[in-house]
Amino acid sequence: MATIKVKQVRSRINCPKDQKATLDALGLRKLNRVIEHPDNPAIRGMINKVKHLVAIVE
């Protein structure tokens, strides 16, 4: 199965609670951390919700 690497590039300070919970669910707790996840619609939806805070790493 394909995987996708996600990196947190902006701070979670002043973000709504649901976006903070989404970052926690993705495993992103600090800036510049890279986490690898399977590429499926659920993960893509979480990334889309916090797309202004994260970046996809190739």
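Values (i) 11.2; (ii) 11.9; (iii) 13.8 are given for comparison; Kirkwood radius over Cα pairs in Å, derived from the coordinates here, is the one labelled (i).
Between residue 56 and residue 18, residue separation times 0.36 nm minus the direct Cα-Cα distance comes to 11.6 nm. Close Lys pairs in the range 3-57 (alpha-carbon distance under 17 Å; sequence gap of 8 or more, or different chains): 14. Only Lys, Arg, Asp and Glu carry charge here, each on its Cβ (+1 for the first two, -1 for the last two); on that basis the chain has a dipole of about 300 debye about its Cα centre.
Over the chain, DSSP H runs of length four or greater, each weighted -39,500 (n - 2.57), average out per residue to a 222 nm ellipticity of -9500 deg cm²/dmol.
A short reminder: the numbers here are calculations on the coordinates, not readings from a lab. What you see is a predicted model, and the numbers here were worked out from it, not measured in a lab. Don't worry about glycine lacking a Cβ; one is built from the backbone with ideal geometry, like all the others, and counts go over all protein chains shown.
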